[in-house]
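The values are calculated or read from the model by the stated rules, or taken from the named source; none is laboratory data. As the structure is a prediction and not an experimental result, all values here were calculated from the model. We place every Cβ from the backbone using ideal geometry, glycine too, and count neighbours over all the protein chains shown. Each accessible area value is taken on the protein alone, full model and side chains, heavy atoms only, with ligands, DNA and RNA left out. Shrake-Rupley method; radii C 1.70, N 1.55, O 1.52, S 1.80 Å.
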Amino acid sequence: MSSNIKIMWHQGKQYIPDVTTAKVPGIFRGRPVISTVKVNEDMLVDLCPTHAISANPICIDLGKCTFCGECAILFPEKIFFAKDCKLATNQRSRLIVREGEDQPVTLNPNMVRDEIRRIFGRSLKLRQVSAGGDNSCEMELNATNNVNFDMSRFGIDFVASPRHADGLVITGPITANMAEPLERCYNAVPNPKIIILAGTDAISGGIFADSPALNRDFLSRHTIDLYVPGNPVHPLTFINGVLSLLRK
Amino acid sequence: MKDMTIHNNTTIALNDIPKLNYDNFMEGNLGLLSEKPERHCVLYFGCREDELLRLICCLADDETHLIHISSSLVNPSTVLPSFTAQNANFEKFERELHENFGLKYADHPWLKPLRYAYNRLDLSQTVENYPFCQSESEELHEVGVGPIHAGIIEPGHFRFICNGEQIMHLEIQLGYQHRGIEQLFLEKKKLLERTTLAENIAGDTTIGHTTAFVNLWESLCGFTPDRSLSFARTLAQELERIAIHTGDLSGVCTDIGYQLGHSVYGRLRTPIINFMQEWSGNRFGKGLIRAGKINYPFTPELAERLQAILKAYEPDFDEITEMFFHLLSTLSRMEKTGVVSYEKVLEIGTVGMSARMSGLNRDIRTSHPYNLYGSTIVHEPILKHHGDVYSRVQIRKQEIKQSIGYIRTLLENVPEFPKTENPILTAGGDIFVLSLVEGWRGEICHAAITDASGNLIVYKIKDPSHHNWMALAEAVQNNEISDFPICNKSFNLSYSGHDL
Ligand code: SF4
């Protein structure tokens, strides 16, 4: 017993007291900031592996970006990634960052359904479905509840059964082979329910976007309540995203 | 048998791979493997040549460090005798050939769909109607689990046939994660696209798979990486090993219900992956490994940081490990649970940890060295002999300590990182190349074939899980079904790496 206490003592304080202001250590490719400097735009647009960059004006779509950082390495005068980890929003178009704009990514308050804050504001149980996810987003979602991030303190938890859940968190580009199980899982969640897309693969298909092995019809049939970009999503991005959906 | 031998990461002209008639091809390859535990099949695949199919078989010899390559041209509509009937190592490879090309086998014992690839030949076979093995007995019952599991993990279906609480048989059905990666490698022509694909094969093995890809790509283009690139790849691989092994120890503790171990190992993973973040801007190292260059050089400041992190990690790791490995309540859950014997792993042809747990010495770092293995790091594989959960957990414990030692050796001599430009890399024509890497799970194999003008016409990926899933099915036989989670966690196999 005493040695157990010793072990606990030796861990020190591991939890992050305030996740809303915490910073990611070291380099973090968070929200891109695009300057109005003129560069070879064709080259810039062409280099992106997931067609996340478009021209006139130069924009980066965070729903497509894999945060590989290549554009910022080759065009440092044009693009740099701010350490801002709050990237989630409920409106797809708000994931598009334009040149000359240096604004945080925020939710559109008018689009948050009433019942979300009323019913889930203080307790939200989520069922995670990996539909072709490569296990990195899944590991980061697991990490949201480790001793560092401790998402449970906000009443947000992952649960085992869709019957106990208030919504789905989807990772992966949604493979054709997972389309049916995903739909069934969604139907098993009682109403009202929310859908969160976690990670670039889920939001746009990412590098797999044009693969014939996907079936993303599910997304056109249902309303998405939150988009959380990242490859994989950082736990801080996820927790802050969900908090911004639940609380004003 | 007439065959060609190459080393890891060397190229050969496609025409130099001998073409044998199928009988000689089969006899020769099975003969090479017979009674030789140091030899194993790293890749066996098909490549269309007009109306015909060219089968290419690659056998690695761990003692001579050579890879034997041979091929045979067959008509996909003829019925062939299977390798599998004589050697179970080929079971999945032949199922893949059957699924993708319609190759028929007269005596394959288990010719079921493998991953329901979108470009499979028979589209009437769907993931919903997999032909499970069934029992007629009234005494036995079936338990189906998945594809969606209780935790936050990838999808796959497990079908148990049980006698009461006891598992008689487990069949694992995969394919839910199939994203068509091998085909995308051919269709996406840019290097960065392909590198991104490699990074997303299995996110928990980002470094392992991306290293296999870039090593292969550089060989294909005749580019020799300097020491700084090899250094970064070697270091990143050992960091990935420590991070995932630590996380797995936490996972095993969770499944045993040992809360303290779960928390402490879980939090010990954090400084390692956060170091990856500091170095590369991503906790899994996505963005770090690139062919011919590196965007995030390893600086002396990072070296100092890493020394400090390891210094803080070790005493905490040792303390919890001392406790975890001496509690009767944890030991009794791990010892003699989920046993796979040496004979079985040899028969299945497992690789990596899933081979070393039962005394089968398979480790690419020693047998087919690459990057700084075999020079700066002379690797000594860690072997266990019981093949149970405890052996798998012990291997992790010792490999973590070993990797820390390797990292300290690497840090003694950090190379200068020259400012790298985007190198011009052009793939050679009519070439075959194969790249082996020892990821934390085991042997990763990537192979490519180019046409006359250097375009990729085949890209093959084999995750260690390809071989090792069968070992999990073996391990749980005669165990209680309540021990399935801990058995599963102690293997921690990849769904996405298998399904591609
Ligand atoms: S960081 Fe994003 S936008 Fe830039 S090249 Fe990579 S994927 Fe494209």
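What number of residues in region A:89-109 are among the basic types (Lys, Arg) and surrounded by fewer than 17 Cβ atoms within 10 Å (Cβ to Cβ)?
Qualifying residue count, region A:89-109: 2.
Considering only residues of region B:145-169 that are out of contact with any helix residue (DSSP H, G or I) (no Cβ under 8 Å at 6 or more places or on another chain) and within 10 Å of chain A (Cβ to nearest Cβ), which is modelled with the lowest pLDDT?
That would be B:Gly146.
Consider only pairs whose beta carbons are under 6 Å apart and that are at least six residues apart or on different chains; among these, list those whose first residue lies in region B:167-194 and is within 21 Å of A:Pro173 (Cα to Cα) and whose second residue is of a type in the set (Ser, Thr, Tyr) and part of a loop (DSSP other than H, G, I, E, B).
B:Gln173/B:Tyr130; B:Gly175/B:Tyr116; B:Arg179/A:Ser211; B:Gly180/A:Ser211; B:Gly180/B:Tyr118; B:Leu184/A:Ser211
Tally the residues that are within 14 Å of another protein chain (Cβ to nearest Cβ) and touching a Lys or Arg at 6+ places or on another chain (Cβ under 6 Å), restricting the search to region B:128-144.
Taking region B:128-144 and keeping what is within 14 Å of another protein chain (Cβ to nearest Cβ), we get B:128-130, B:144.
Checking which are touching a Lys or Arg at 6+ places or on another chain (Cβ under 6 Å) leaves us with B:144.
The number of residues fulfilling the criteria is 1.
Residues are listed down the side, and each one gets a yes or a no for (1) within 14 Å of another protein chain (Cβ to nearest Cβ); (2) more than 21 Å from the chain's Cα centre (by Cα); (3) open to solvent by 50 Å² or more (accessible area, probe 1.4 Å):
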site	(1), (2), (3)
A:Lys6	yes, yes, yes
A:Gln11	yes, yes, no
A:Asp18	no, no, yes
A:Lys23	yes, no, yes
A:Gly26	yes, no, no
A:Glu41	no, yes, no
A:Val45	yes, yes, no
A:Ile53	yes, no, no
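Please verify whether B:Glu154 is outside the structural domain of B:Ser34 (by TED's automatic domain parsing), under 26 Å from B:Leu43 (Cα atoms) and of a type in the set (Asp, Glu), treating the condition exactly as stated.
When the stated conditions are applied, B:Glu154 passes them.
Which condition number in (1) within 12 Å of the ligand (Cβ to nearest atom); (2) within 28 Å of A:Asn145 (Cβ to Cβ) is the one that A:Ser54 fails?
The one condition A:Ser54 does not meet is (2).
List the number of the failed condition for B:His209; all other conditions in (1) closer than 20 Å to A:Thr175 by Cα; (2) within 13 Å of chain A (Cβ to nearest Cβ) hold.
Result: B:His209 fails condition (1) only.
Looking only at region A:110-126, decide whether some residue is away from the ligand (no atom under 16 Å from the Cβ), facing chain B (nearest Cβ under 9 Å), at pLDDT 90 or above and open to solvent by less than 30 Å² (accessible area, probe 1.4 Å). I'd like the intermediate steps shown before the answer.
The first filter runs over region A:110-126 and keeps only residues away from the ligand (no atom under 16 Å from the Cβ), leaving A:110-126.
Add one more test, that the residue is facing chain B (nearest Cβ under 9 Å), and what stays is none.
Scanning region A:110-126 turns up no residue that is away from the ligand (no atom under 16 Å from the Cβ), facing chain B (nearest Cβ under 9 Å), at pLDDT 90 or above and open to solvent by less than 30 Å² (accessible area, probe 1.4 Å).
Which of the residues that make up region A:128-151 are within 7 Å of another protein chain (Cβ to nearest Cβ), open to solvent by less than 10 Å² (accessible area, probe 1.4 Å) and of a type in the set (Val, Ile, Thr)?
Selection gives A:Val129 alone.
Take the residues in region A:166-197 that are small (Gly, Ala, Ser) and open to solvent by less than 10 Å² (accessible area, probe 1.4 Å), then tell me which one is farthest from A:Leu87 (Cα to Cα).
A:Gly167
I'd like to check which helices (runs of 4 or more DSSP H) are fully inside region B:256-367 and have at least 1 residues that are touching a residue at least 40 places away in the same chain (Cβ under 8 Å) and closer than 30 Å to B:Phe231 by Cα.
B:259-280, B:300-324, B:353-356, B:364-367
Taking the condition among the hydroxyl-bearing types (Ser, Thr, Tyr), in the same structural domain as B:Glu399 (by TED's automatic domain parsing) and closer than 21 Å to B:Ile244 by Cα, does B:Tyr313 pass? First the steps, then the outcome.
Numbers: among the hydroxyl-bearing types (Ser, Thr, Tyr): yes; in the same structural domain as B:Glu399 (by TED's automatic domain parsing): yes; closer than 21 Å to B:Ile244 by Cα: yes.
The answer is yes for B:Tyr313.
Of everything in region B:274-295 that's touching a helix residue (DSSP H, G or I) at 6+ places or on another chain (Cβ under 7 Å), over 20 Å from A:Thr200 (Cβ atoms) and facing another protein chain (nearest Cβ under 10 Å), which residue is most open to solvent (accessible area, probe 1.4 Å)?
In this case the residue turns out to be B:Glu278.
Could you check region B:170-205 and list, in sequence order, the residues that are part of a helix (DSSP H, G or I) and more than 7 Å from every other protein chain (Cβ to nearest Cβ)?
B:Ile181, B:Glu182, B:Gln183, B:Phe185, B:Leu186, B:Glu187, B:Leu191, B:Arg194, B:Thr195, B:Ala198, B:Glu199, B:Thr205
Of all the residues that make up region B:233-273, how many are more than 11 Å from chain A (Cβ to nearest Cβ) and closer than 19 Å to B:Lys286 by Cα?
The qualifying residues number 12.
In region B:123-158, how many residues are assigned to a loop (DSSP other than H, G, I, E, B), open to solvent by less than 70 Å² (accessible area, probe 1.4 Å) and not β-branched (Val, Ile, Thr)?
Qualifying residue count for the region: 16.
If you go through region A:83-103 one residue at a time, do you hit one that is among the hydrophobic types (A, V, I, L, M, F, W, C) and more than 20 Å from the chain's Cα centre (by Cα)?
Of all residues in region A:83-103, those among the hydrophobic types (A, V, I, L, M, F, W, C) come to A:85, A:87-88, A:95-97.
Pick out the ones that are also more than 20 Å from the chain's Cα centre (by Cα) and you get none.
Among the residues of region A:83-103, not one is among the hydrophobic types (A, V, I, L, M, F, W, C) and more than 20 Å from the chain's Cα centre (by Cα), which makes the answer no.
Quick one: what pairs do we get from region B:411-431, first residue under 12 Å from B:Ser228 (Cα atoms), second open to solvent by 70 Å² or more (accessible area, probe 1.4 Å), C-beta under 6 Å, 6+ apart or different chains?
Listed pairs, sorted by first residue: B:Pro415/B:Arg227.
What do you reckon, is B:Ala312 of a type in the set (Gly, Ala, Ser), over 17 Å from B:Thr254 (Cα atoms) and touching a helix residue (DSSP H, G or I) at 6+ places or on another chain (Cβ under 8 Å)?
Yes: the conditions hold for B:Ala312.
Quick grid of which residues meet (1) surrounded by 16 or more Cβ atoms within 10 Å (Cβ to Cβ); (2) out of contact with any helix residue (DSSP H, G or I) (no Cβ under 7 Å at 6 or more places or on another chain):
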residue	(1), (2)
B:Asp16	no, yes
B:Ser34	no, yes
B:Ile56	yes, yes
B:Leu59	yes, no
B:His65	no, no
B:Thr84	yes, no
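Under 7 Å by Cβ, and 6 or more places apart or on different chains, what pairs join a residue from region B:126-148 that is within 25 Å of B:Gly175 (Cβ to Cβ) with one that is outside any loop (DSSP other than H, G, I, E, B) and of a type in the set (Asp, Glu)?
Going by the 7 Å Cβ cut-off, the qualifying pairs are B:Glu128/A:Glu180; B:Phe132/B:Glu171; B:Cys133/B:Glu171.
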